[in-house]
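Engineer: I am attaching a structure below and will ask some questions about it afterwards.
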Amino acid sequence: MEQQKKQRVLSAIQPTGMPTLGNYIGALRNWKAMSDEYDCAYAVADLHAITIRQDPKELRRQSMEMFAVLLAIGLDPEKSIIFLQSHVNTHAQLAWLLNCYTQFGEASRMTQFKDKSRAHAENINVGLFTYPVLMAADILLYQAHYVPVGADQKQHLELARDIAERFNGVYGKVFTLPEPFIGTVGARVMSLQEPNQKMSKSDANPRAYVSIMDTPDQIMKKFKSAVTDSDSNVRYAQGKDGINNLMCIYSACTGKDFAAIEREFECKGYGDFKTAVGEAVVDELRPVQERVIKLLDDKAYLEDCAKMGAQKALRIGGRTLDKCMKKIGFWQMRVQKYSRLT
Ligand code: TRP
């Protein structure tokens, strides 16, 4: 019997900085969950990382680490396509083509560009400006139906759709129009110090976020110093941002719903609750940490996996790029114009 083709999912994460507990609960765990139901491609977005100046040694180390993290969270390199963006040259090639189908005005409206230009006033490079076009290329190359993204990337995804629609309007159906996929549970983990702001790895205060590689001791300390409120009941309510956030984290790590959590801590104080949340996070991250350490110790295996991912990505993305170039009117020779990994 013919197997029904699964729909494709694509997402990517920048390698700069270890992912936080927020990235893990809000994004990476969903990547894993989706990998059974969908045909998934996940990239380490190292090309995007250089829109901000990077130290070469650090970039290399962090890219490898992020790749190891993707394997450590349980993604299967045989089943899903897991790769580094810079290993797959079709990304930069399609990005150039799409640049010519993107209006200066629409790229100028991207709020992340405005924010990053303000944050890096000394290096407002053109790459930072066309960053969302490269992201559109990442997505459109694989004809992705769904793109799991955080709220901060939604505008970029809408731009990718606009570019795809414009291109299809001129040349016929070349690209699948991607839809955002916003996770449900634990989609937004907040800062432990300012719980009305998203948990971020670039926070100046390291107590505000938990890195997925923090030691149990560090994790417990961070939860014990988490900001709460002057009430003393563990319950989910408006105005209790700190407790609400801890309840979300606890729920994500234990599978318990809010009602069950409220019952569990009915006669207990915040101190007990914070300890329980810290312990649940330690338990949740332990197996991931163990696998990351093991993987980083086996560079040959990591490289084999990266090569397998890049080959699969090139094959799929190459077809889209070929089609797109043909439509535009490039002279296509019978030999492939872009080099493939062997
Ligand atoms: N820009 C995304 C971020 O910083 C990462 C990214 C790059 C991405 N390419 C992508 C996300 C394609 C989804 C799809 O979070």
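Engineer: Give, in nm to one decimal, the length gained when the segment between ILE182 and GLU194 is fully stretched (0.36 nm per residue of separation minus the Cα-Cα distance). Let's see the in-between values first.
Structural biologist: Numbers: separation 12, 0.36 × 12 = 4.32 nm, distance 2.32 nm.
Taking ILE182 through GLU194 to full extension adds about 2.0 nm, to one decimal.
Engineer: Rg and Dmax in Å for region 119-249, alpha carbons only: what are they?
Structural biologist: Radius of gyration, then largest Cα-Cα span, for region 119-249: 19.7, 62 Å.
Engineer: Largest first and to the nearest Å, give the Cα extent of region 1-137 along each principal axis.
Structural biologist: Sorted largest first, the three principal extents are 54, 33, 26 Å.
Engineer: Continuing with this model, one more query. Of ALA310, ALA300, ILE249, which is farthest on the positive side of the dipole of region 210-342, counting Cα position, with +1 on Lys and Arg Cβ, -1 on Asp and Glu Cβ, and the Cα centre as origin?
Structural biologist: ALA310
Engineer: Tell me the relative contact order for the chain as a rounded percent, counting alpha carbon contacts under 8 Å between residues six or more apart.
Structural biologist: Relative contact order, the chain: 22 percent.
Engineer: Return the long-range amide H neighbours of LYS198 (sequence gap of 5 or more, or a different chain), with a cut-off of under 5 Å between placed amide H atoms.
Structural biologist: SER191
Engineer: Non-local amide H neighbours of ILE82 (under 5 Å, H modeled in plane, Pro and chain starts lacking H): which ones?
Structural biologist: Counting only residues 5 or more places away or on other chains, the set is TYR42, GLY309.
Engineer: Using a 10 Å cut-off around each Cβ, can you sort TRP96, TRP331 from fewest to most neighbouring Cβ atoms?
Structural biologist: Ascending Cβ contact count within 10 Å gives the list TRP331, TRP96.
Engineer: Let me ask another. What is the gain in length, in nm to one decimal, between ARG315 and ASN233 on full extension, counting 0.36 nm per residue of separation less the C-alpha to C-alpha distance?
Structural biologist: Full-extension gain reported as 24.0 nm.
Engineer: Compute the FRET efficiency between THR111 and ALA204 as 1/(1 + (r/R0)^6), taking r as their Cβ-Cβ distance and R0 = 30 Å, and round to the nearest 0.05.
Structural biologist: Once the sixth-power term is evaluated, E becomes 0.90.
Engineer: Of LYS154/LYS201; LYS201/LYS224; LYS307/LYS327, which pairs sit farther than 23 Å apart, going by alpha carbon to alpha carbon?
Structural biologist: Violating the 23 Å Cα-Cα cut-off are LYS307/LYS327.
Engineer: Filter the DSSP H helices in the chain by two things, a Kyte-Doolittle mean of at least -1.0 and an axial alpha-carbon span of 20 angstrom or more, and list the hits by number.
Structural biologist: Helices meeting the span and hydropathy rule in the chain are 56-72, 126-141, 154-171, 270-296, 299-328.
Engineer: A follow-up question, please. Computed FRET efficiency, Cβ-Cβ of GLN218 and ASP272, R0 22 Å: what is it to the nearest 0.05?
Structural biologist: Between GLN218 and ASP272 the formula returns 0.65.
Engineer: Do the alpha carbons of any pairs in LYS198/LYS268; LYS6/LYS326; LYS5/LYS323; LYS79/LYS173; LYS6/LYS274; LYS6/LYS198 sit beyond 31 Å of each other, and which pairs?
Structural biologist: Cα-Cα > 31 Å for LYS6/LYS274; LYS6/LYS198; rest within.
Engineer: Would you mind computing, in nm to one decimal, how far apart the modelled labels at ASP152 and GLN4 are, each placed 7 Å from Cα along Cα→Cβ?
Structural biologist: 3.7 nm
Engineer: Mind computing the radius of gyration and Dmax over the alpha-carbon atoms of region 246-342? Å is fine for both.
Structural biologist: Expressed in Å, the Cα Rg and Dmax of region 246-342 come to 24.9, 75.
Engineer: Just want the ordering: SER200, SER225, from fewest to most Cβ atoms lying within 10 Å of their own Cβ.
Structural biologist: Lowest to highest Cβ neighbour count: SER225, SER200.
Engineer: Then there's this: Across the chain, how large is the tail of the calculated P(r) beyond 39 Å, expressed as a percent of all Cα pairs?
Structural biologist: Cα-Cα pairs of the chain separated by over 39 Å account for 18 percent.
Engineer: Arrange the following residues from fewest to most other Cβ atoms within 10 Å of their Cβ: ARG166, ARG109, ARG29.
Structural biologist: ARG109, ARG166, ARG29
Engineer: What does the charge dipole of region 220-342 about its Cα centre add up to, to the nearest 20 debye, if the Cβ of each Lys and Arg holds +1 and the Cβ of each Asp and Glu holds -1?
Structural biologist: 1320 debye
Readers should treat all values here as calculations from the given coordinates under stated rules, not as data from a laboratory. What you are looking at is a predicted structure, and each value in this text was computed from that prediction instead of being measured. All Cβ positions, glycine included, derive from the backbone under ideal geometry; neighbour counts span all protein chains shown.
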